[in-house]
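The values are calculated or read from the model by the stated rules, or taken from the named source; none is laboratory data. Keep in mind it's a predicted model, so treat the numbers as computed, not measured. A quick note on method: Cβ atoms are made from the backbone with ideal geometry, for glycine too, and the neighbour counts reach across all protein chains shown. What goes into the accessible areas is simple: the full protein's heavy atoms, side chains included, and nothing from ligands, DNA or RNA. Shrake-Rupley method; radii C 1.70, N 1.55, O 1.52, S 1.80 Å.
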Amino acid sequence: NNNNSTLLLNYYDACIYQRDLNLLHDKSAWLNDACINFYMTYLSRSQPARWGQFWQRFSSGSEEHDGKKGGGNNNESSSSSKSRTIKDSNSGKDDDSNNNDFKKREEEEKIMFLDPSVISFMMHQCDDEDLHDLASSWTITGTKRFFIPINDNFGASKRKFGIPGGGNHWSLLLVVLMIQGEQNNATSSCEEEGEGAKGGNEIDEAISAKTRPRMCFLHFDSCRGHNTQSAKVVAKRFHRAVKLAFDDDNNDIDNDIMTIIECNNPQQYNSYDCGVHTLMAAEALSDPSLLCATNASEIEAIQKVHVDTLNTWFGRNGGHGGAALSMRQKMVDEIQKLSKIYLDKE
């Protein structure tokens, strides 16, 4: 169907029209926010299957638990839900299975992919009360990672932002948010036993206590330096939202010192693959083996393991000669597969 306005897919409110799919077919087209939002949503919905595959590898001993195998599997999809039920085949004990299921659910909740429209709302329409409510809805406990697509238009004035078609470049801001306090364990929980976990009421009590959010901002820009300013203003707004959700006394929020680390990630060799690089980074850096291996108490270690993982993933998936093309084709294939299911139901 060549009608650009034809709706091909509504995937958990991420809508793809024919005009969006055309951008992926065109190997030299700049991706719009619909393409970015679709794949962020796809990654979010795929996380349970990815964790299921990881726990199978981990429980069988095939997954190294030291970060050396971070990134890598580019073939995960929500269709592999059969991997979600994990059992220790060696022991056959129900408590081992329950522990694995608990740990899997715990880790799945520690990652969030944000929609570009949510960032736009946060930047240009939220007052402090809105920011407080937004951050409070994120259910932040322990360590959580936020994948935020950055557009160079996010840092524009409200007047300039209101002009349709604005923005020329995408990048990825990864926020590693750690809750400091008695209840926080900054290291990975992948090897913890499920029976020692706290129930919902106890978690609420821990959050209501004097816990302090600590944030590490990692910026992955395929045209290094281009989106630095936009990433800074988004990070500042995000930082304020989280602080408002946690602090009783907000007088010192604006005086907090923030550091955004510009990471040494793969660079684009053209003027149109920034969106594709952003999505490749999001996929590589949300790999469960990477998240389990990260020691969230050491900022330098966080930066190194993420950069190393992304560079390794990029090389494994074709490098400069093929990674971007492979990602475009993967998105086309997934959209067409999901579109067939969606249109059949319609």
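Note on segment 127-174: among residues that are among the hydrophobic types (A, V, I, L, M, F, W, C) and at pLDDT below 75, the one that is nearest to LYS110 (Cα to Cα) is PHE154. Listed conditions (1) at pLDDT 95 or above; (2) surrounded by 20 or more Cβ atoms within 10 Å (Cβ to Cβ) are all met by GLN18, apart from (2). Could you count how many residues in segment 1-22 are in a helix (DSSP H, G or I) and not aliphatic (A, V, I, L, M)? Result for segment 1-22: 4. Quick one: would you say GLY322 is open to solvent by 10 Å² or more (accessible area, probe 1.4 Å), without any contact (Cβ under 8 Å) to a residue 12 or more places away in the chain and in contact with a Ser or Thr (Cβ under 6 Å, 6 or more places away or on another chain)? So GLY322 fails the test.
Is it the case, given these coordinates, that SER83 is at pLDDT below 55 and in contact with a Ser or Thr (Cβ under 7 Å, 6 or more places away or on another chain)? No. Within segment 21-63, track down each residue that is of a type in the set (A, V, I, L, M, F, W, C), under 30 Å from SER271 (Cβ atoms) and either open to solvent by less than 50 Å² (accessible area, probe 1.4 Å) or touching a Pro at 6+ places or on another chain (Cβ under 7 Å) (or both). Residues satisfying the conditions are LEU21, LEU23, LEU24, ALA29, LEU31, ALA34, CYS35, ILE36, PHE38, MET40, LEU43.
Restricting attention to segment 308-319, which residues are assigned to a helix (DSSP H, G or I) and either open to solvent by 30 Å² or more (accessible area, probe 1.4 Å) or more than 20 Å from LYS144 (Cβ to Cβ) (or both)? Of everything in segment 308-319, those that are assigned to a helix (DSSP H, G or I) and either open to solvent by 30 Å² or more (accessible area, probe 1.4 Å) or more than 20 Å from LYS144 (Cβ to Cβ) (or both) turn out to be ASP308, ASN311, THR312, TRP313, PHE314, GLY315, ARG316, GLY319.
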